[in-house]
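The values are calculated or read from the model by the stated rules, or taken from the named source; none is laboratory data. Note that the structure is predicted; figures quoted are calculated from it, not measured. Cβ atoms come from the backbone with ideal geometry, glycine included; neighbour counts cover every protein chain shown. To get the accessible areas, we keep the full protein, side chains included, count just its heavy atoms, and leave off ligands, DNA and RNA. Shrake-Rupley method; radii C 1.70, N 1.55, O 1.52, S 1.80 Å.
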Amino acid sequence: MLKKRYVELSILLLLGLSFIPSATVSATAVDRLSLCNLEGYPGDTVEAKITLEGTGPEERSGYWYTFYKQVERDDDRMDITSWIEIEPSEYVIRQGETKVFTIRVKIPRDAEPGLCGATSEEAGKTGHSDERRTYIIFKDAITGGNVYSGLLIPVSVKVLGKPNPLAPLVKIVKENITVTALIIVIAILLAVLLPRVRARKAS
Amino acid sequence: MKKRILTLVGVLALVAALAIPMAALAIAGSNEATQSASTAPATSIEVRAQDYTTAVSTITFPSGAPGSTISNPYNDLAEAQTFGAAGTAKPVVTLVNTAPVPYKICYNISTFTNSVVTGENYLVLPKGVGCASAGDISNTVAFDADTITGFTIAETGNTSENDKKDFYLKVELNTTGGQTGISTLTILGEA
């Protein structure tokens with residue numbers, strides 16, 4: 001009788017164990033796979049945010065750095081690693097945690113207008129590796145380990161020509177199009193009707 | 001008269017103020033269906049054990065005679081790299097892509113301290129195809145450089161299981177005995 005109970009208990013234990021899910025591992029996740037076609041004028045600092053998310057059960061330690069993929073006959077517009085700052089550059093991330101990093105691209109005052117860091121505006125699209133030159137890279141490992149994993153994220157900047165002095169005004173008008181339309185209607189009416197009033201008064 | 005004109009201007013302004021938002025509302029109220037889409041974060045390539053599931057944090061090459069080639073590294077689960085046909089050969093680690101996009105596989109292997117290793121080779125193979133001998137591990141490592149390989153790893157859920165790869169390594173030891181050195185292996189993905 002006791003032996004039978006032991007057998008039953010063992011079967012139940014085995015069944016129970018078979019339903020315990022195996023621990024799956026996941027590396028760090030990122031919310032952006034490219035930072036291409038950022039725009040700014042010479043002397044500007046363009047900022048972008050990028051978020052990492054810890055998805056594995058182990059704590060991971062890592063860091064960010066810049067990378068230039070040198071290709072023959074590249075001109076000096078392709079390597080913009082010296083323009084880029086990443087803050088913070090080091091991190092420790094745990095499961096479920098998200099960490100936001102600020103990418104600052106400081107466009108030099110003497111930068112010529114045009115695309116920098118990539119050979120084409122298509123560089124940000126999946127599979128367009130050949131058109132990329134400048135990257136930011138994050139990589140991390142289980143804390144204490146020597147096996148890292150990470151991703152290359154291409155960065156490119158469209159350096160704009162001389163800024164239009166009327167650009168702020170155009171922006172305000174675009175943002176307040178209804179009010180602007182009203183003001184124009186009122187101005188036209190006043191311009192048409194006020195001279196008539198004056199003329200009548202004078203007569 | 002002036003009063004009438006001012007009243008007229010006021011009424012016109014009021015009408016315009018009401019008419020413009022109403023027109024916008026009328027457009028918004030037409031036969032339209034709302035669509036929504038979202039993107040999930042993309043994970044980097046994961047370095048896993050021979051079961052393609054468990055995390056790996058270290059790779060160790062056993063000691064060997066000075067000047068010899070070591071081709072039986074093991075991971076921190078004590079799984080050693082072995083050679084043979086499909087089903088027999090086991091890589092030191094496996095690579096798994098859990099992201100919805102394929103990646104080009106890049107690596108960076110740092111120079112071993114104390115110059116204990118003079119050269120290293122790697123090989124990336126589809127899941128479980130086998131690796132007959134150490135001689136098949138033929139791609140020379142460029143130390144301390146982010147190097148884009150010609151290998152790609154498919155997006156997660158790939159029907160041919162190309163989202164999983166086997167990764168083999170071997171090193172050539174320095175001719176000086178009694179030394180130990182460490183290095184880091186980085187696997188990077190590029191979408």
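Worth pointing out:
- Count - residues of the stretch A:71-96 that are of a type in the set (S, T, N, Q), open to solvent by 60 Å² or more (accessible area, probe 1.4 Å) and more than 16 Å from residue A:140 (Cα to Cα): 1
- Residue match in the stretch A:97-117 (condition: surrounded by 13 or more Cβ atoms within 10 Å (Cβ to Cβ) and under 26 Å from residue B:111 (Cα atoms)): no
- Matching residues, the stretch A:135-157, being among the hydroxyl-bearing types (Ser, Thr, Tyr) and touching a Phe, Trp or Tyr at 6+ places or on another chain (Cβ under 9 Å): A:135
- The stretch A:53-69, residues that are over 21 Å from the mean Cα position of the chain (by Cα) and within 10 Å of another protein chain (Cβ to nearest Cβ): A:56, A:57, A:58, A:60
- Within the stretch A:37-57, considering residues that are among the β-branched types (Val, Ile, Thr) and open to solvent by less than 60 Å² (accessible area, probe 1.4 Å), the one farthest from residue A:111 (Cα to Cα): A:55
- Restricting B:146, B:136, B:166 to residues that are charged (D, E, K, R), in contact with a Leu (Cβ under 9 Å, 6 or more places away or on another chain) and under 16 Å from residue B:97 (Cβ atoms) narrows the list to B:166.
Conditions tested, residue by residue: (1) among the acidic types (Asp, Glu); (2) surrounded by fewer than 15 Cβ atoms within 10 Å (Cβ to Cβ); (3) not in a loop (DSSP other than H, G, I, E, B).
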site: B:52; (1), (2), (3): no, no, no
site: B:63; (1), (2), (3): no, yes, no
site: B:78; (1), (2), (3): no, yes, no
site: B:106; (1), (2), (3): no, no, yes
site: B:121; (1), (2), (3): no, no, yes
site: B:124; (1), (2), (3): no, no, yes
site: B:142; (1), (2), (3): no, yes, no
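- Remark: pairs (first residue in the stretch A:164-177, under 26 Å from residue A:42 (Cβ atoms); second residue modelled with pLDDT under 80; Cβ separation under 9 Å; 6+ apart in sequence or on different chains) = A:170/A:164.
- Among the numbered conditions (1) surrounded by fewer than 19 Cβ atoms within 10 Å (Cβ to Cβ); (2) within 14 Å of another protein chain (Cβ to nearest Cβ); (3) not basic (Lys, Arg); (4) not in a loop (DSSP other than H, G, I, E, B), the only one that residue B:100 does not meet is (4).
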